[in-house]
Amino acid sequence: MQTTSKILMVRPYRFAFNKETAGNNFFQRDAGSNPDMQDAVAERALQEFDAIVALLQRNDVDVT
């Protein structure tokens, strides 16, 4: 088995509901037309991304 200690992750630039892919993506929910809700969802997605990067780095994975 081969493993790696390096990984490339691309931080999302824009995170939003996509009606074209929502039909077959169970996890996607429409935040509606409320801009505050849309911003909150996008912010949470970025926080989750950053948390995963931090977790990987704490476990000696080189994240680029």
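The values are calculated or read from the model by the stated rules, or taken from the named source; none is laboratory data. Keep in mind that what you see is a predicted model, and the values were worked out from it rather than measured. No Cβ is skipped: glycine too gets one built from the backbone with ideal geometry, and neighbour counts run over all protein chains shown.
This table checks each residue for (1) closer than 20 Å to Val61 by Cα; (2) in contact with a Ser or Thr (Cβ under 7 Å, 6 or more places away or on another chain); (3) among the hydrophobic types (A, V, I, L, M, F, W, C).
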{"residue": "Val10", "(1), (2), (3)": "yes, no, yes"}
{"residue": "Lys19", "(1), (2), (3)": "no, no, no"}
{"residue": "Gly23", "(1), (2), (3)": "no, no, no"}
{"residue": "Arg29", "(1), (2), (3)": "no, no, no"}
{"residue": "Gly32", "(1), (2), (3)": "no, no, no"}
{"residue": "Ala45", "(1), (2), (3)": "no, no, yes"}
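For region 16-34, the criterion of a residue being aromatic (Phe, Trp, Tyr), assigned to a helix (DSSP H, G or I) and surrounded by 11 or more Cβ atoms within 10 Å (Cβ to Cβ) is satisfied by no position. Val53 passes every criterion in (1) modelled with pLDDT of 90 or more; (2) part of a loop (DSSP other than H, G, I, E, B); (3) among the aliphatic types (A, V, I, L, M) apart from (2). All of Ala51, Ala31 fail the test of being out of contact with any helix residue (DSSP H, G or I) (no Cβ under 8 Å at 6 or more places or on another chain) and small (Gly, Ala, Ser), apart from Ala51.
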